[in-house]
Structures are given as C-alpha cells and as structure tokens.
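Trainee: Here it is: the structure, laid out below.
The values are calculated or read from the model by the stated rules, or taken from the named source; none is laboratory data. Just so we're clear, the structure is a prediction, and the values are computed from it rather than from any experiment. When we count neighbours, we look across all protein chains shown, and the Cβ atoms used for this are built from the backbone with ideal geometry, even at glycine.
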Amino acid sequence: MQFLIRLAITAVALVVAAYLLPGLTFQPTVDVGLGPDGNRAAAILISAFVLGILNAIVRPILLLLSAPITCVTLGLFVVVVNGIMLWLLQFIPFTGLHVDSFFTAIVGALVVSVVGFVLNLVVPGK
C-alpha cells in the first residue's frame, strides 16, 4: 500500500511540474485504449514508476561519484543530480516525457521535490 501511495505522490508531483513548466511535457507514445487523457495518465504513472526505479538504482551511484563536488558546493550539487534523473527519464521508452533543456530538468526536479515533500507531509498512511 505504501508503494502505491508513493507512486501516486510522485505522479501528482510530475503533473504539477508539467503544469508549471512549459518545457516539461507528457506526450504519450503508447495507446492504452483509454482516449487521450487516459493515455496521458498512463504515461504519467509509468514515468512515476520509472523515476522511482532510477532514483533507487542510478541516483546512489551518481551521488557517490559526485561526492567531492557535493561537498565543495555544500550539498547544492544534489539538485543537479536530481535534474539529471529527470533528464534521463525522457530517454526511457513509454514514459512520454519531453524536457526542453537541462535547466528545465533542474527546475522540474526542484518542483517535483518540493511538491513530493509537501504531499508526504499531508498524506496519511505512513
């Protein structure tokens, strides 16, 4: 149950980021037979799932490799690592995510992080 709550929170955070940033869009590549809105919702859920996998596997490796830079910048480089995760997400098939620039990915990662943090505080069940 906790996994589904986290998935929903990440999906909502991605929707908010796509709404706030014009350079972050979802263009579904797979037709799931639910119409245009259903295809977009499926792409968002797939993106949230894949982002969770990327954060579980690739992010720790990047954080380890970037530890010296992170120490020098007093932890601010973690924001860039989060942006890299969102930027990498667009290259995964079936996510339908399109990011215009790396700067948009960094700002989008900030939005996803803040919205996810707030929703984790608000949503019960943990």
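Trainee: If a residue must be aliphatic (A, V, I, L, M), surrounded by 15 or more Cβ atoms within 10 Å (Cβ to Cβ) and over 23 Å from residue 16 (Cβ atoms), how many such residues does the stretch 32-90 contain?
Mentor: 1
Trainee: Scan the stretch 1-58 for residues that are on the phi < 0 side of the Ramachandran plot, among the small types (Gly, Ala, Ser) and more than 15 Å from the chain's Cα centre (by Cα) and report the count.
Mentor: Total meeting the criteria: 1.
Trainee: Here's another thing I want to ask about it. Hey, any hits in the stretch 54-77 for a residue that's touching a helix residue (DSSP H, G or I) at 6+ places or on another chain (Cβ under 9 Å) and charged (D, E, K, R)?
Mentor: yes
Trainee: While we're looking at this one, here's another question. For residues in the stretch 21-31 being surrounded by fewer than 14 Cβ atoms within 10 Å (Cβ to Cβ) and touching a Gly at 6+ places or on another chain (Cβ under 6 Å), which is farthest from residue 103 (Cα to Cα)?
Mentor: Looking at residues that are surrounded by fewer than 14 Cβ atoms within 10 Å (Cβ to Cβ) and touching a Gly at 6+ places or on another chain (Cβ under 6 Å), I get 29.
Trainee: Here is a further query. Given the options 106, 84, 92, 9, name the one that is modelled with pLDDT under 90 and touching a helix residue (DSSP H, G or I) at 6+ places or on another chain (Cβ under 7 Å).
Mentor: Only one candidate passes the filter, namely 92.
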